[in-house]
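Reading through the structure tokens given below for one structure.
The values are calculated or read from the model by the stated rules, or taken from the named source; none is laboratory data. Bear in mind the structure is a predicted one, so any value in this text is a computation, not a measurement. Positions of Cβ are generated from backbone atoms using ideal geometry, with glycine treated the same way; all protein chains shown enter the neighbour counts. Note: areas computed on protein heavy atoms with side chains; ligands, DNA, RNA excluded. Shrake-Rupley method; radii C 1.70, N 1.55, O 1.52, S 1.80 Å.
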Amino acid sequence: MRHFTSVEDVNDIEKLIEIALNLKAVPKASEHLGKGKTMGIIFLNPSLRTRLSTQVAAQNLGMSPIVMNFSSDGWQLEFADGVVMDGNKAEHVKEAAAVMGTYFDVMGIRSFPGLKDKDEDYQDNVINQIKKYAGIPVISLESAIRHPLQSLADLITITEHKKVAKPKIVLSWAPHPRALPQAVSNSFAEWVLAAGYDLTITHPEGYELSEQFTKGATIEYDQKKAFEGADFIYTKNWSSFKDYGQVLNSDPSWQIDAAKMKLTNDAKFMHCLPVRRNVIVSDDVLDSESSIVIKQAENRIYSAQAVIEQILKANF
Ligand code: AN0
Ligand code: CP
């Protein structure tokens, strides 16, 4: 593995999950691998889990992590080619990425979409330019359109909790006051389908995700019908892809509550976090035995560690 920015960078998902679970059992098993190596962990946007779990993962592998909050501490970056840089952007990604490439052995970067221009966001320009100019392996810590470390952690968690080989997995939209990226949902769909699971996606009309990620999933506009017999309810808000970046609907009846969970096959409740209580999901569901959100967050360590380990093995 050279870079990790989508499921396409993974040859064998099942094997990668197995590697992650082995690391979870013995977190320092490959502490020697990263000795003397530095990992840059760069944020253009806020984070709790990704920032902390990636540092723990790098440390478990013997690496020295260096974190930078670019949005508050870095120069504003220009990503466009051939522009006259006489505005408020002080540095071009060409130099910034190349410089970071000389400081780090591996780097991760988080960059959210602008949610204004669909074509620009869906070109995933920021992570692609970092990849192009850094000259070192690059890991997505959530790009404009994908969050692969989250999806791998989600699949690790599903593997740990499933009671049948092919559980019914449902991705449900839920309301949120602000426009959020489609990245977590795109990636979840992409990974679940690539892993060979059946996936049902439920959302109000107008919230269809890009077919690039959901091809092969069942779309069910009736949320209650979608929940029937489900083994896993994965909840996430996203803004409209069609009406790009818009909040078309914040209908509170789409909130996940105990009555809806009763329609399922005693399903586990999943969310990538951060989650707004009593907006996305009611307290009683989030605080119930069915909720495995903390397990998902814990598995972010082993998702990152499995990926960084593969990169260290293949490139050094
Ligand atoms: C971000 C999102 O929806 O992509 C990050 C989730 C991991 N969530 C928020 O901004 C609330
Ligand atoms: N799930 C996740 O990526 O959380 P953070 O945004 O806090 O990193």
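Tabulated values for the structure
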read-out: Counted residues, the range 13-50 - those being in a strand (DSSP E or B) and not hydroxyl-bearing (S, T, Y); value: 5
read-out: Residue that is nearest to G62 (Cα to Cα), among those in the range 79-128 that are among the hydroxyl-bearing types (S, T, Y) and open to solvent by 70 Å² or more (accessible area, probe 1.4 Å); value: Y103
read-out: Options P167, P175: the member that is more than 16 Å from ligand 1 (Cβ to nearest atom), modelled with pLDDT of 95 or more, in a loop (DSSP other than H, G, I, E, B) and more than 18 Å from the chain's Cα centre (by Cα); value: P167
read-out: Candidate set from the range 268-287 (those that are open to solvent by less than 40 Å² (accessible area, probe 1.4 Å) and not in a strand (DSSP E or B)); member that is farthest from ligand 2 (Cβ to nearest atom); value: S282
read-out: Residue within the range 251-267 that is within 16 Å of ligand 1 (Cβ to nearest atom), part of a helix (DSSP H, G or I) and loosely packed, with under 15 Cβ neighbours inside 10 Å present; value: no
read-out: Extreme residue, most open to solvent (accessible area, probe 1.4 Å), among residues of the range 42-59 that are closer than 19 Å to D105 by Cβ and away from ligand 2 (no atom under 11 Å from the Cβ); value: Q59
read-out: Residues of the range 1-41 classified as of a type in the set (S, T, Y), within 30 Å of L77 (Cα to Cα) and surrounded by 17 or more Cβ atoms within 10 Å (Cβ to Cβ), total; value: 2
read-out: Unmet requirement for G62, which otherwise passes all of (1) within 21 Å of the chain's Cα centre (by Cα); (2) open to solvent by less than 50 Å² (accessible area, probe 1.4 Å); (3) of a type outside the set (K, R); value: (1)
